[in-house]
Amino acid sequence: MRSVFYEGEVCAVARALIGCVVRHGGTAGVIVETEAYHEREPACHAYVGRTPRTITLFGPPGYAYVYRSYGVHALLNAVAEPEGVGAAVLIRALEPLEGIELMRARRGRERIEELCSGPGKLTQALGIELAHNGGDLSRGPVTITAAGAPVPEITVSRRIGITRAVELPWRYSLAGSRFVSRRGSSLATAG
DNA sequence: CATGGGATTGACT
DNA sequence: GTCAATCCCATGC
């Protein structure tokens, strides 16, 4: 995918990523849930400005921002908006597509709905780690490629698990998918 | 250098 | 519904 795709407004990128395919280490899945984060709102790591942690967010779009959450999980984001603007799309859930047995082994779970239905789950299933921070998503090892399917119906809701800017409706999910994470508040259908 | 807080998950009540 | 695990890093002294 050409990085120009990621240069647009981060919410548009978050919406457009639904249906795209994430690949790594013999596994792949279709994105069914994303969230947008932007430097102008306090839930975004880039809100504090450029630090060693956030420098990737201010870099060119189309690169991976991977960080450790709660000391336990690695979370995958796609950097968006032009270089110099801190913004990214959190990849929150996938529908497993390839390498499902490998995902089961990595996750220690059998049910296909439990393999990638959360931001920490999908990185474990795909073997994505902090070392992938800063990687080019068009070249790998972690890649995101465009969807072949028509534009999907998307549900919009508020972001999950944050304590600031909780009112922003910046969470996008594939309508009706059974592979989205289930920890959020009720979904409000839109666009 | 010490401290505090998570863009979560899974086990348990 | 409640809660601990666990570590990176931003902040403050």
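For n ≥ 4 DSSP H runs only, could you compute -39500 (n - 2.57) per run for chain A, divide by its residues and tell me the 222 nm figure to the nearest 500?
Details: 3 runs with 23 residues, N = 191.
The per-residue figure over chain A is -3000 deg cm²/dmol.
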For a footprinting-style exposure proxy, rank A:Leu122, A:Leu102 by other Cβ within 10 Å, fewest first. A:Leu102, A:Leu122
If I model a spin label as a point 7 Å beyond the Cα along the Cα-Cβ vector, how far apart are those points for A:Ala146 and A:Ile55 in nm? 3.3
Computed Rg/Rh of segment A:1-55, alpha carbon atoms with Kirkwood Rh: 1.03
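Using only Cα atoms, figure out Rg for segment A:72-120 and give it as a multiple of 2.2 N^0.38 Å.
Numbers: Rg = 13.8 Å, N = 49, 2.2 N^0.38 = 9.7 Å.
Relative to the 2.2 N^0.38 Å estimate, segment A:72-120 comes out at 1.43.
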In segment A:108-162, trypsin sites (Lys or Arg not before Pro) in a DSSP loop with at most 11 other beta-carbon atoms within 10 Å: A:Arg111, A:Arg139
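Give me the net charge of A:Gly176's neighbourhood, meaning all other residues with Cβ under 15 Å from the Cβ of A:Gly176; Lys, Arg count +1, Asp, Glu -1.
Numbers: positive: A:Arg178, A:Arg182; negative: A:Glu33, A:Glu95, A:Glu113, A:Glu153.
Net charge in that neighbourhood comes out at -2.
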Sorted by Cβ density within 10 Å, fewest first, the residues A:Ile162, A:Ile128, A:Ile154: A:Ile162, A:Ile154, A:Ile128
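What ranking do A:Val89, A:Val22 get, fewest neighbouring Cβ atoms within 10 angstrom at the top? Display every interim value, and only then the final one.
Working: A:Val89 29, A:Val22 25.
Ascending Cβ contact count within 10 Å gives the list A:Val22, A:Val89.
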DSSP bridge orientation in chain A - percent antiparallel, rounded to nearest 5: 100
For segment A:3-190, what is the charge dipole size about the Cα centre, in debye to the nearest 20, if Lys and Arg each add +1 at the Cβ and Asp and Glu each add -1 at the Cβ? 580
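Would you tally the net charge around A:Pro61, using a Cβ to Cβ cut-off of less than 9 Å, leaving A:Pro61 out, and scoring K and R as +1, D and E as -1?
On the way: positive: none; negative: A:Glu7, A:Glu81, A:Glu83.
Neighbour charge sum, excluding A:Pro61 itself: -3.
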Within the set of other residues whose C-beta is less than 15 Å from the C-beta of A:Pro96, count the net charge using Lys and Arg as +1 and Asp and Glu as -1. +2
Using all alpha carbons of segment A:3-190, what is the percent of pairwise distances in each 5 Å bin, ordered from the shortest bin to the longest? 1, 9, 18, 23, 23, 16, 8, 2, 0
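Here, each number is a calculation from the coordinates, and none is a lab measurement. From a predicted model like this one, the values you see are computed outputs, not experimental measurements. All Cβ positions, even for glycine, are placed from backbone atoms using ideal geometry, and neighbour counts span all protein chains on display.
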